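Taking it in order: structure first as structure tokens, then the write-up.
Where a number appears in this text, it was derived from the coordinates with a stated rule and is not lab data. Just so you know, these numbers come straight off a predicted model, no measurement behind them. Virtual Cβ from ideal backbone geometry, glycine too; neighbours counted across all protein chains shown.
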């Protein structure tokens, strides 16, 4: 069966038609998942703002007075206290990142959104090795998928060997796993300088993996605000060159929010991303995502 045509906004506003379209994309290996901190928050992991502010508290220092961006605050912290001590800086980030973290099978079992995301990943994996992009430093998704018996690879360096794995999770901003014995990034994208580097042609993993994925798959953006100017450049790079142009599909991705924010909606949709509102992020969004998996399974049976 062919995927429904999605040539206008009304097609995307129709819940059943959108779910059917995304199920076809999932079945065809053309659905990608892009995650932000909104997914990890329920497990005690901080937002980016909380992480930056928490680092100053961890060092028992006050935030600089003035109207500074989070990037500037992060760069000031790093330069002031860890300019020549990268490992010390990463240790500090680890301490704040996992200070209130609560993981484990029982905790995982209670979280329907993570379960729904994992179901999408596992459904995609039936067709081929599944890829996920996360802008988070943590390995929450990897731990969850491992509990379900999947072999998961975390990629956070520009140079890496191709090898076997059921799921590959790309960490373009760096990787600081919960297990202290595990390998971690030698640096992370956190302050203004590091953001500027990945925004240039030097940002290898960003350009080669993320942009390539965005250009050739329908993307589901979950837990991302879209306000990060560096992330915004990726969206801008994708909007005019996406494969969906071939089918006259009006949007190349979907983002989800429980707020009917008109300004945010206009910003996302100007970049080719449909802004879908859900009443309850913890109940309605998982139900919608599970529905995609169910529809994709029906397509398999019909074939």
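Treat each spin label as a single point 7 Å out from the Cα along the C-beta direction, and report the residue 8 to residue 160 distance in nm.
Taking the two extended label points, one gets 4.3 nm.
Using 0.36 nm times the number of residues separating residue 261 and residue 72, minus their current alpha carbon distance, what extension gain do you get?
Working: separation 189, 0.36 × 189 = 68.04 nm, distance 2.70 nm.
Gain in length upon complete extension: 65.3 nm.
At a threshold of 8 angstrom on Cα-Cα distance, excluding pairs fewer than six apart, so keeping six or more, what relative contact order does the chain reach in percent? Spell out each step's value before the answer.
On the way: 440 pairs, mean separation 75.0, N = 303.
The normalised contact order for the chain reaches 25 percent.
Any idea what Rg and Dmax come out to for segment 48-97 if you just take the C-alpha atoms, in Å?
Over segment 48-97's Cα set, Rg and Dmax evaluate to 10.1, 29 Å.
Using the C-alpha atoms of segment 214-258, what convex hull volume per residue, in cubic angstrom, is computed? Mind showing how you got there, number by number?
Details: hull volume 3.2 nm³, N = 45.
Hull volume over Cα atoms, normalised by residue count, gives 71 Å³.
I need to check one value: relative contact order of segment 159-286, counting alpha carbon pairs closer than 8 Å and at least 6 residues apart, in percent.
Details: 118 pairs, mean separation 21.2, N = 128.
Value for segment 159-286: 17 percent.
Once R0 is set to 41 Å, what does the formula 1/(1 + (r/R0)^6) return for the Cβ-Cβ distance between residue 215 and residue 112, expressed as a FRET efficiency to the nearest 0.05?
Working: r = 31 Å, r/R0 = 0.76.
Approximately 0.85, to the nearest 0.05.
Which order, highest average first, do 8-20, 264-276 follow once you tally other Cβ atoms within 10 Å for each residue and take the mean per peptide?
Values: 8-20: 14.5, 264-276: 18.2.
The most tightly packed comes first, giving 264-276, 8-20.
If N is the number of residues in segment 187-303, what value comes out of its Cα radius of gyration divided by 2.2 N^0.38 Å? Kindly include the intermediate steps, with their values, before the conclusion.
On the way: Rg = 16.2 Å, N = 117, 2.2 N^0.38 = 13.4 Å.
Cα Rg divided by the expected 2.2 N^0.38 Å: 1.20.
Which value in nm describes the separation of the simple spin-label points at residue 101 and residue 180, placed 7 Å from the Cα toward the beta carbon?
With each label point 7 Å from Cα toward Cβ, the separation is 1.3 nm.
Residue separation times 0.36 nm, minus the C-alpha to C-alpha distance between residue 15 and residue 50: what's the value? Working shown, then result.
Values: separation 35, 0.36 × 35 = 12.60 nm, distance 3.43 nm.
Difference between extended and current length: 9.2 nm.
Run the helix sum for the chain: -39,500 (n - 2.57) per DSSP H stretch of 4+ residues, divided by residue count, reported at 222 nm to the nearest 500 deg cm²/dmol.
On the way: 13 runs with 131 residues, N = 303.
Theoretical 222 nm ellipticity from helices: -12500 deg cm²/dmol.
Over the C-alpha atoms of segment 1-55, what are the Rg and the largest Cα-to-Cα span, Dmax, in Å?
In order Rg, Dmax, the Cα atoms of segment 1-55 give 17.3, 52 Å.
Convex hull over the Cα atoms of the chain, averaged projected area in nm²? Show your work: numbers first, answer last.
Working: hull surface 64.8 nm².
Its Cα hull, projected and averaged over all orientations, spans 16.2 nm².
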